[in-house]
Amino acid sequence: MVFISTKVIKGKKRYYLERSVRLVSGKIKKYSLYLPDTNTETIEKSREILNKKVEQNMLKNTCEYYTKNCVFTEENIQKIETIKWNYKKLLQKLTPKQYQDIIDRFTINFTYESNAIEGNSLTLKDVTMILQENKAGGNKNLREVYETLNTRKALEFLFYNDIKITEKSICELHEVLVKETDVKTGYKKFPNFLLGRTIKTVPPEKVSEEMQKLLAWYHENKTMHPLQKAAQFHALFEKIHPFEDGNGRVGRILLNAILRKHGYMPLIIRKTQRVAYFSALQAADREHYETLYRFLLEKYKKTYEHFFEIYMKYI
């Protein structure tokens, strides 16, 4: 929020345009710009200058704060943060109706792609009809229809920040995603396996303990970039595979919940990238996370370019 403050210096009243922002470290920093006069044109021009100054300094501060590595280099972090700022500016320009439209479009695309990765046979047209018209033409598999409707409900929680990174919230998210699909809720009671991967999942009796360790790791890592943290959390969660079924769909929504918690846009993993996605997760099973980092960094950029950026042209 930009506001005008008044100071009296040597008996003369002076005006300043000011804006306070919360840095990534949690500290509050105030930026100030002198106003030679208070006419509308001067204020608007000064507002643009001040906002640009804030954006540049926030970008620099963020790049300095987060730990660097071979993937999350200063250059890549700058690219991610620039996308974050553009996404934030887009949201500020949207009317409530436009915001709902972008949520609806994202929901259709994400639901189709995420469920298709798990083998759901519904087409994009089927998903659109189910979500927009509440109709399922032909003899559609009822479980697949419910998976589609359930994902929409879960994404409503995502976009309105109702998904917390806690055991309770994760279990509630799972309940939403498997409703009416005959999948048992709560942590798994029998061992399960990872499709296309050789590593063993955590046995049922150790799931709660490992989930608590994962959540402690998540909350303790303050200087890891949120996209890197989301990627590693996703890999570790899938390795635990805490539920009887639905782990992949839960994991991809949690990945986006972490991004949104830190002000970043959600991303979409396409079904056409399924092999590369599972290969990246398999590398992460061996604690070689760089492949997954690169994969999700690319998906983040592509989601912005092919989904959100198009709105910038018309707003």
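Under the condition of being exposed (fewer than 14 other Cβ atoms within 10 Å of the Cβ) and hydrophobic (A, V, I, L, M, F, W, C), which residue from the range 188-198 is farthest from Leu236 (Cα to Cα)?
So the first thing to find is which residues in the range 188-198 are exposed (fewer than 14 other Cβ atoms within 10 Å of the Cβ), and the list is 189-191, 193, 195-196, 198.
From what is left, the residues that are hydrophobic (A, V, I, L, M, F, W, C) are 190, 193, 195.
Details: Phe190: 19, Phe193: 14, Leu195: 15 Å.
The extreme case among them is Phe190.
Would you call Thr67 part of a helix (DSSP H, G or I) and modelled with pLDDT of 90 or more?
It is false that Thr67 is part of a helix (DSSP H, G or I) and modelled with pLDDT of 90 or more.
Take Val183 and tell me if it is crowded, with 19+ Cβ neighbours inside 10 Å and either in the same structural domain as Leu296 (by TED's automatic domain parsing) or part of a loop (DSSP other than H, G, I, E, B) (or both). Don't jump to the end; show me each part of the working.
On the way: crowded, with 19+ Cβ neighbours inside 10 Å: no; either in the same structural domain as Leu296 (by TED's automatic domain parsing) or part of a loop (DSSP other than H, G, I, E, B) (or both): yes.
No, not satisfied.
Residue by residue, here is whether (1) touching a His at 6+ places or on another chain (Cβ under 9 Å); (2) within 30 Å of Cys63 (Cβ to Cβ); (3) charged (D, E, K, R) holds:
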{"position": "Val176", "(1), (2), (3)": "no, no, no"}
{"position": "Lys184", "(1), (2), (3)": "no, no, yes"}
{"position": "Asn192", "(1), (2), (3)": "yes, no, no"}
{"position": "Leu195", "(1), (2), (3)": "no, no, no"}
{"position": "Lys200", "(1), (2), (3)": "no, no, yes"}
{"position": "Pro204", "(1), (2), (3)": "no, no, no"}
{"position": "Glu209", "(1), (2), (3)": "no, no, yes"}
{"position": "Glu220", "(1), (2), (3)": "no, yes, yes"}
{"position": "Thr223", "(1), (2), (3)": "no, yes, no"}
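Pull out all pairs, ordered by first then second residue, where Cβ-Cβ is under 6 Å, the residues are six or more apart or on different chains, the first lies in the range 135-156 and is at pLDDT 90 or above, and the second is surrounded by fewer than 14 Cβ atoms within 10 Å (Cβ to Cβ).
Tyr146/Glu180
Counting just the residues of the range 52-78 that are out of contact with any helix residue (DSSP H, G or I) (no Cβ under 7 Å at 6 or more places or on another chain) and touching a residue at least 40 places away in the same chain (Cβ under 8 Å), which one comes out nearest to Met1 (Cα to Cα)? Spell out how you get there, then give the answer.
First, pick out the residues of the range 52-78 that are out of contact with any helix residue (DSSP H, G or I) (no Cβ under 7 Å at 6 or more places or on another chain): 52-54, 56-58, 60-61, 64-65, 67, 69, 73, 75.
The next check asks that each one be touching a residue at least 40 places away in the same chain (Cβ under 8 Å); those that pass are 65, 67, 69.
Values: Tyr65: 23, Thr67: 29, Asn69: 34 Å.
The qualifying residue nearest to Met1 (Cα to Cα) is Tyr65.
Look through the range 179-220, keep the residues that are in contact with a helix residue (DSSP H, G or I) (Cβ under 9 Å, 6 or more places away or on another chain) and of a type in the set (Phe, Trp, Tyr), and return whichever of them is modelled with the lowest pLDDT.
Filtering the range 179-220 for residues that are in contact with a helix residue (DSSP H, G or I) (Cβ under 9 Å, 6 or more places away or on another chain) and of a type in the set (Phe, Trp, Tyr), the one modelled with the lowest pLDDT comes out as Phe190.
Quick check, is Tyr160 of a type in the set (Ser, Thr, Tyr) and modelled with pLDDT under 95? Talk me through it step by step, then tell me what you get.
Details: of a type in the set (Ser, Thr, Tyr): yes; modelled with pLDDT under 95: yes.
Taking the combined requirement at face value, the residue satisfies it.
Take Lys229 and tell me if it is surrounded by 16 or more Cβ atoms within 10 Å (Cβ to Cβ) and either at pLDDT 95 or above or part of a helix (DSSP H, G or I) (or both).
Working: surrounded by 16 or more Cβ atoms within 10 Å (Cβ to Cβ): yes; either at pLDDT 95 or above or part of a helix (DSSP H, G or I) (or both): yes.
Criteria met by Lys229.
Sort out which residues of the range 17-40 are out of contact with any strand residue (DSSP E or B) (no Cβ under 9 Å at 6 or more places or on another chain) and either surrounded by 15 or more Cβ atoms within 10 Å (Cβ to Cβ) or in a strand (DSSP E or B) (or both), and write them in order of number. If you could, list the steps in order and put the result at the bottom.
The first filter runs over the range 17-40 and keeps only residues out of contact with any strand residue (DSSP E or B) (no Cβ under 9 Å at 6 or more places or on another chain), leaving 24-27, 39-40.
Correct list: Val24 only.
Among the residues of the range 6-16, what is the count of those that are basic (Lys, Arg) and assigned to a loop (DSSP other than H, G, I, E, B)? Write out each step before concluding.
Initially, the range 6-16 is screened for residues basic (Lys, Arg), giving 7, 10, 12-14.
In the following step, the residues that additionally are assigned to a loop (DSSP other than H, G, I, E, B) were identified as 10.
So the answer is 1.
The values are calculated or read from the model by the stated rules, or taken from the named source; none is laboratory data. All values derive from a computational prediction rather than experimental measurement. Cβ sites come from the backbone with ideal geometry, for glycine too, and all protein chains shown count toward neighbours.
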